[in-house]
Amino acid sequence: MKRVTSRAIIFEGDYFYTLFRRKKNKGRVHEYYSIPGGGVEENETLEDAVKRELKEELSVDINLLGYLGSLETDTYIFNYYHAEIIGGIPKLGGEELEKNSEDNYYEIKKLNIKDIENVDILGKEYILNAFYKNYK
């Protein structure tokens, strides 16, 4: 059964929020970015899940501006929302803060939309669609 996740794309001008990950395993390093969010729990809506996850991961409250679509892989179904921060200042929290270490590193980063083609991140088409639909 595929794991269902719910994620929020949040912009500040030409920048969008991501979680940078660096995993070290058996001498190998994997670095990538992800759109903040996470797994949907039993009896939880996609909307409630993304709000809970952003509160946990980034320590912020969000307002959902619209559903952007989904992306399916062999093991996951990623659901994407366009959102805005309505409370709090982004800082790492929850499991990401608790698990943060040299071998399992997390950091909140804002990336410029013009650099999106140069980063390893799932959901690029949703980031670009949300940006150009709402800002240009």
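The values are calculated or read from the model by the stated rules, or taken from the named source; none is laboratory data. No experiment lies behind these values; they were computed from the predicted model shown. Neighbour counts run over all protein chains shown; Cβ positions are idealised from the backbone, glycine included. All accessible areas refer to the heavy atoms of the entire protein, side chains included, with ligands and DNA or RNA removed. Shrake-Rupley method; radii C 1.70, N 1.55, O 1.52, S 1.80 Å.
One table, with the values for the structure above:
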quantity: Subset of region 74-102 (residues that are touching a residue at least 24 places away in the same chain (Cβ under 8 Å) and among the polar types (S, T, N, Q)); calculated: THR75, ASN79
quantity: Selection count where residues are over 24 Å from ASN104 (Cα atoms) and polar (S, T, N, Q), scope region 33-91; calculated: 5
quantity: Matching option when the condition is assigned to a helix (DSSP H, G or I) and closer than 24 Å to HIS30 by Cβ, among LEU92, LEU111, LEU71, LEU97; calculated: LEU97
quantity: Filtered residue count, region 114-127, keeping only those that are open to solvent by 20 Å² or more (accessible area, probe 1.4 Å), touching a Leu at 6+ places or on another chain (Cβ under 7 Å) and part of a helix (DSSP H, G or I); calculated: 1
quantity: Residue in region 1-48 that is farthest from GLU98 (Cα to Cα), counting only those that are aliphatic (A, V, I, L, M) and over 12 Å from the mean Cα position of the chain (by Cα); calculated: MET1
quantity: Tally of residues being at positive phi and surrounded by fewer than 21 Cβ atoms within 10 Å (Cβ to Cβ) across region 9-37; calculated: 3
quantity: Residue list for region 98-113, restricted to those being in contact with a strand residue (DSSP E or B) (Cβ under 9 Å, 6 or more places away or on another chain) and open to solvent by 60 Å² or more (accessible area, probe 1.4 Å); calculated: LYS99, GLU102, ASP103, TYR105, GLU107, LYS109, LYS110
quantity: Failed item, numbered, when TYR33 is tested on (1) free of Cβ contacts under 8 Å to residues at least 40 places away in the same chain; (2) in a strand (DSSP E or B); calculated: (1)
quantity: Selection count where residues are of a type outside the set (Val, Ile, Thr) and without any contact (Cβ under 8 Å) to a residue 40 or more places away in the chain, scope region 103-124; calculated: 4
quantity: Residue, surrounded by the fewest Cβ atoms within 10 Å (Cβ to Cβ), within region 68-97, restricted to residues that are within 14 Å of the chain's Cα centre (by Cα) and under 16 Å from PHE11 (Cβ atoms); calculated: GLU84
quantity: Subset of region 39-67 [assigned to a strand (DSSP E or B) and either farther than 16 Å from ARG3 by Cα or open to solvent by 10 Å² or more (accessible area, probe 1.4 Å) (or both)]; calculated: ASP61, ILE62, ASN63, LEU64, LEU65, GLY66, TYR67
